[in-house]
Amino acid sequence: MNEIGLTHILFISTALFFIGVYGFLTRKNLITMLMAIELILNSVNINFIAFNKYLYADKLDGLFFTIFIITIAAAEAAVAIAIIIHLYRSLKSIDVDDADIMKF
Amino acid sequence: MLNSNYIALIPLLPIITFLIIGLFGRRYFPKFSGILGTLSLLVAFVLSAFVAYQYFFEVGKVYGVYQKIIAMKYVWLQFSPNVAIDMGILLDPISVMMIVIVTFISLMVHIYSMGYMHGEPRYATYYAFLSLFTFSMLGLVLSTNIFQIYIFWELVGVSSFLLIGFYYEKPSAVAASKKAFIVTRFADLGFLIGILVLSYFSGTLDFQTLIQRLTTEGSYLSNIVSSSFLGASALTWGLLLVFAGGAGKSAMFPFHIWLPDAMEGPTPVSALIHAATMVVAGVYLVARLFPIFSNSCPGALDVVAYIGIFSSLLAAIIACTQTDIKRVLAYSTMSQIGFMMFALGVSGFYGEEGVGFMGSMFHLFTHSIFKALLFLGAGAVIHYVHSNEMKDMGGLRKLMPITHITFLLACLAIAGIPPFAGFFSKEEILLACWNSNKIIFGAAVLTAGLTAFYMFRLYFSIFWNKEYKTHGSHDDHHGEAPGSMLLPLIILAGLSVVAGFVPFSHLVTADGLRFETEFHLGFAIGPVLLATAAIFLAWYMYAKESLLPQKMADSFKSFYTAAYRKFYFDEIYLFITKKIIFNLIGRPAAWIDKNIFDGFMNLIASVTEFVSESVKSFQSGKVQDYAIYFFAGTLGFVLLFIYLWI
């Protein structure tokens, strides 16, 4: 068996990214869409870690970015859930297709 | 020396009164505004009389010549070092004479209107408009600058428009005011072009410089005479166009059609604006530029003379057939203004040759007095009878003795019976015609005879003819007009008797020098006899109710009808404007505007709308659609990036 290389990890993260995009575009539930966004962010995190380990092993920039993104993701989730709660209060629904009043 | 401050007060008092009454009077003191306007005018009149006294007897004359004095000058718009529009006050014999006439007649009309307009709901508005008119007219006659006169010229036009249309509930009054405004606007277009032509060639707008440059030999004069257009020199064109403006304001042929309709306004307004002051503005304008007309361009002066005599005769013939008493007076006004015009037209400039100029100004002076009196008298009659038609009147002499006597005096004055005012001024005019042009003299004598005839036809129809049929009880308590209306009648009647004795040849002459007029008994006797004969004819036909006038009308059937219909001028003009101009110019222009210009704009709008309609479905409002566009766009950029750089 070969050692697990950069390519394998990039495959994982790419797959995770497109699963997230697919979920974001197809799910109608806002909470699920939020979860799909988390998947996309995590695929980015994996990329950062992998490049840091395989290309610049002596540096820590990738790690820092990852921690930073996790923090941002937490904040983003808080804001998104607040928006969703408000949408639910006004529309009695968290279906994304019901929130379409902002058009032409 | 004259103090310019109080001269400036003469035009300023009416405008201040206009502002006060117009802004506050209508709401807070409507009843008092008549008295306020009258008092302000009284002060202005006293000041004018004082200025006139000072000018004519104390400071105006230097070595026996009346000077043109610029009492005040304020540069309003400076275009270049040489060309500026000024606002100023020019005093010379004609302007001083005019301010006295304007303030005096306006004062009389103000007093008269307190009775005539009593109980009118828009009483204060009426007085505000009267003040505005008085201000404009005073500004017009005092102008130092040809552009200043144009500004005030338009202002009197506006005041006249407002006052003709004063009874705006009446469609005929609205139509009349529009007609007056539009017809005079046409003429004023000519006036404006004339101003531009004259000022372009003389390089100035100032009257004195303009006259000086265009009457003395030099480069200015030779330039304007040598440049020609359609066979006439630029000077002739300029003067004729300026005269066209004057003809519009003074209701000369072919712009005369508005004056009879202008009688829709309140009668005192007709007396002030359409008889005594505004309509003589054209005469005043020609008199103001008279040195140029007379010394540099006699051809234009001939046009003035022929237009004047033609309008005069035409109006006199029409006046003989009209039945609305105000219209008779309107045509009579037009006829008398024609007298003033052709008197200017046949006049020379120096010394006794200037008798026509002097006669014209003299006639302007006397005419404004007796014509105002005639209108005010007619107003009193209309006030009593509540009708303008002759057939509703008759036999009023016992019911309205004072109106009757004053009206008779005015009729004698306009007919030219000695020793009343009109006799003297008309005599000077006829003398001037006799000296220069025998054809005009003949027509003028004929017109004078017709004047006597139609005035006495009017007089006998109103005050004699049949017995007045009283209808109901209202006549018992309402005989003679109230005192505020009788007072102006009496003052004006007194002046109509004595105004002829003013020695005009000593005061108002073309060149400022006095000359002596001789009184030729043999010359005067012909026109007076003719006028007397015309009066007797009118007496014979109209003093008693008879069938004679109808028989006369029947025997000249077609001519009578033509004259009664005012020689179809209104119909001809309507035909030209409605059928020819509207169809040949108006409708194609409207078509081009509607289909080509509007069509182009509509095309742009509909293309924009189509594009917007087709792209607006992108804005679905659904988050996931936007996400798809976003991802697709990013993907597109990525592919583009790969294609270009890798």
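For peptide B:620-628, the mean count of partner chain Cβ atoms within 10 Å of a residue's Cβ comes to 5. For B:TRP76, the residues whose amide H sits under 5 Å from its own are B:ILE85, B:ASP86, B:MET87, ignoring neighbours fewer than 5 places away on the same chain, with H placed 1.01 Å from N. Across segment B:336-376, C-alpha contacts under 8 Å between residues 6 or more apart give a mean separation that, scaled by the residue count, equals a relative contact order of 35 percent.
Taking every DSSP bridge with both residues inside the protein assembly as shown, close to 100 percent are antiparallel.
If neighbour count is taken as other Cβ atoms inside 10 Å, put B:LYS178, B:LYS616 in order from fewest to most. Don't skip to the answer; put the middle values down first.
On the way: B:LYS178 15, B:LYS616 11.
Starting with the residue having the fewest Cβ neighbours, the order is B:LYS616, B:LYS178.
Put a plus charge on the Cβ of each Lys and Arg, a minus charge on the Cβ of each Asp and Glu, and nothing anywhere else: the dipole of the protein assembly as shown about its Cα centre is then about 1280 debye. On the principal axes of its alpha-carbon atoms, the protein assembly as shown has extents of 151, 74, 52 Å, going from largest to smallest. Ordered by the count of other Cβ atoms within 10 Å of each Cβ, fewest first, B:ILE10, A:ILE19, A:ILE37 give A:ILE19, A:ILE37, B:ILE10.
Hey, which of these cross-link pairs are over 22 Å Cα-Cα: B:LYS326/B:LYS438; A:LYS28/A:LYS103; B:LYS466/B:LYS557; A:LYS92/B:LYS622; B:LYS371/B:LYS544? Violating the 22 Å limit, Cα to Cα: B:LYS326/B:LYS438; B:LYS466/B:LYS557; B:LYS371/B:LYS544.
How high is the relative contact order of segment B:42-170, in percent, with contacts defined as C-alpha pairs under 8 Å that are six or more residues apart? This gives 23 percent for segment B:42-170.
Against chain A, whose longest principal axis is taken from its Cα atoms, helix A:30-54 shows a tilt of about 10°. Principal-axis analysis of the Cα atoms of chain A puts helix A:61-91 at an angle of about 10° to the longest axis. In chain B, Cα pairs under 8 Å separated by at least six residues give a relative contact order of 12 percent. In segment B:483-564, a dipole from Cβ-located charges (positive for Lys and Arg, negative for Asp and Glu) runs towards its positive end, and of B:ALA531, B:TYR542, B:LEU486 it is B:TYR542 whose Cα lies farthest in that direction.
Per residue, the protein assembly as shown reaches -22500 deg cm²/dmol at 222 nm when only DSSP H runs of four or more residues are counted, each adding -39500 (n - 2.57).
Residues whose amide H lies under 5 Å from that of B:TYR66, counting only those 5 or more places away or on a different chain, are B:LEU513; hydrogens are built 1.01 Å from N in the peptide plane. Summing Cβ point charges (Lys, Arg +1; Asp, Glu -1) relative to the Cα centre of chain A gives a dipole of roughly 180 debye.
Look at B:ARG288, A:ARG89, B:ARG327, B:ARG185 and count the other Cβ atoms within 10 Å of each Cβ; fewest to most, that gives A:ARG89, B:ARG185, B:ARG327, B:ARG288. Per-residue mean of foreign Cβ neighbours for A:97-103 is 4 (Cβ atoms of other chains, 10 Å radius).
Read-outs throughout are calculated quantities, based only on the coordinates presented, and are distinct from any laboratory measurement. As the structure is a computational prediction, the values presented were derived from the model and not from experiment. Don't worry about glycine lacking a Cβ; one is built from the backbone with ideal geometry, like all the others, and counts go over all protein chains shown.
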